[in-house]
Amino acid sequence: MVRLPSFLLALLALFATTVHASEWREHPEWGQAFAEAHVKGTMLVYAEGDGTMHVWNAERARHPYVPASTFKVFNAMVAIDTGAVKDEFETLAWDGKKRSIAEWNRANSLASGMRYSTVWFYQEMARRAGQQRMQSWIDKVGYGNRDISGGIDAFWLGGGLRISAEQQVAFLRRLADGTLPFSQRAQEIARRITVYEAGSDFILHAKTGWGGHAAQDDPDENKAHDLGWYVGWVEHGGKRWFFAMNLDIVTPEDGNQRVELARKLLAGMGAFGKP
């Protein structure tokens, strides 16, 4: 296999992970919604219908953070295309180690591991893929900063991998369109297992993430705290809204705001019907 020069890989990655929209539109009213929820963060939405990037805190939307469990979407496709598991239903036996989340203390699959964000399952998927194959997929996709230092089963949790909200949205658009370098089967499985909610006239694909990040990762404050993600897209009325939210988690209650706040802002845009 011919290996492209590093500078060309970097250019391709930059092109692949940057959303090219006709306009970035700031929403001060979204900032008010964050303030009312007593959290700091960013919300970025690419509205396919008008080709516009809607955002609160554009600077933060372009800043890279640890992806935490949002990386499971990528990891699931690697697992399928490397044969780590045969499909989304094949289970791995629980290792017997008691963990704080009940659903983790049993056998899991790609599908249940995505639903319950089962860390040990997706760590095993990464170990089965291995460092070399994982790096190859990261480079081909141009995922985030492409740095998987810190251990094959931890690089997305506390290692070197970083991704911005802008890059998350670009990645999700390619997944929804089936234009990632993964097989069509792997991408279809990823789309199925990320269905978070389905109503009579909408489908929400989404993934949460919760991870720690160092003070130097934060452009707003000079202190360390946890980071929460909520990323995905909504399909409704023949249109799609791709979104990525991240926020600071200072107290456990802040983590609950990810889904509630994102849904409120998306609903205001008509993603679930008339606002």
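Selection over region 247-267 of residues that are within 18 Å of the chain's Cα centre (by Cα) and among the acidic types (Asp, Glu) gives a count of 2. The condition (being crowded, with 19+ Cβ neighbours inside 10 Å, modelled with pLDDT of 85 or more and more than 20 Å from GLY160 (Cβ to Cβ)) is satisfied by just one residue among HIS236, HIS205: HIS205. One residue stands out among those in region 20-76 that are closer than 30 Å to ALA126 by Cβ and among the small types (Gly, Ala, Ser): the one that is surrounded by the fewest Cβ atoms within 10 Å (Cβ to Cβ), which is SER69. Quick check on my filter: what residues within region 140-155 are over 12 Å from the mean Cα position of the chain (by Cα) and open to solvent by less than 20 Å² (accessible area, probe 1.4 Å)? Listed by number, the residues that qualify are VAL141, GLY142, ILE148, PHE155.
Please work out if GLY158 is open to solvent by 10 Å² or more (accessible area, probe 1.4 Å), at pLDDT below 95 and more than 22 Å from ARG191 (Cα to Cα). Judged against the criteria, GLY158 is a match. Candidates in region 75-103 are the residues that are in contact with a Lys or Arg (Cβ under 9 Å, 6 or more places away or on another chain) and not in a loop (DSSP other than H, G, I, E, B); of these, the one that is farthest from GLY209 (Cα to Cα) is ASP81.
Within region 122-136, the residues that satisfy the criterion of being over 20 Å from LYS207 (Cα atoms) and either surrounded by 19 or more Cβ atoms within 10 Å (Cβ to Cβ) or modelled with pLDDT under 95 (or both) are ALA129, MET134. Name the one entry in GLN168, GLN187 that is of a type outside the set (Ser, Thr, Tyr) and either on the phi > 0 side of the Ramachandran plot or surrounded by fewer than 23 Cβ atoms within 10 Å (Cβ to Cβ) (or both). Just a single option satisfies the conditions, and that option is GLN187. Residues in region 147-201 that are out of contact with any Lys or Arg (no Cβ under 9 Å at 6 or more places or on another chain), among the β-branched types (Val, Ile, Thr) and in a loop (DSSP other than H, G, I, E, B): 1 in all. Taking region 17-64 as the range and being under 18 Å from the mean Cα position of the chain (by Cα), of a type in the set (Val, Ile, Thr) and modelled with pLDDT of 95 or more as the test, the residues that pass are THR42, VAL45, VAL55. In region 81-96, the residue that is nearest to ILE193 (Cα to Cα) out of those that are more than 23 Å from the chain's Cα centre (by Cα) and among the small types (Gly, Ala, Ser) is ALA93.
The values are calculated or read from the model by the stated rules, or taken from the named source; none is laboratory data. For clarity, every value in this text was computed on a predicted model and none was experimentally measured. A quick note on method: Cβ atoms are made from the backbone with ideal geometry, for glycine too, and the neighbour counts reach across all protein chains shown. Accessible surface areas use protein heavy atoms only, side chains included; no ligands, DNA or RNA. Shrake-Rupley method; radii C 1.70, N 1.55, O 1.52, S 1.80 Å.
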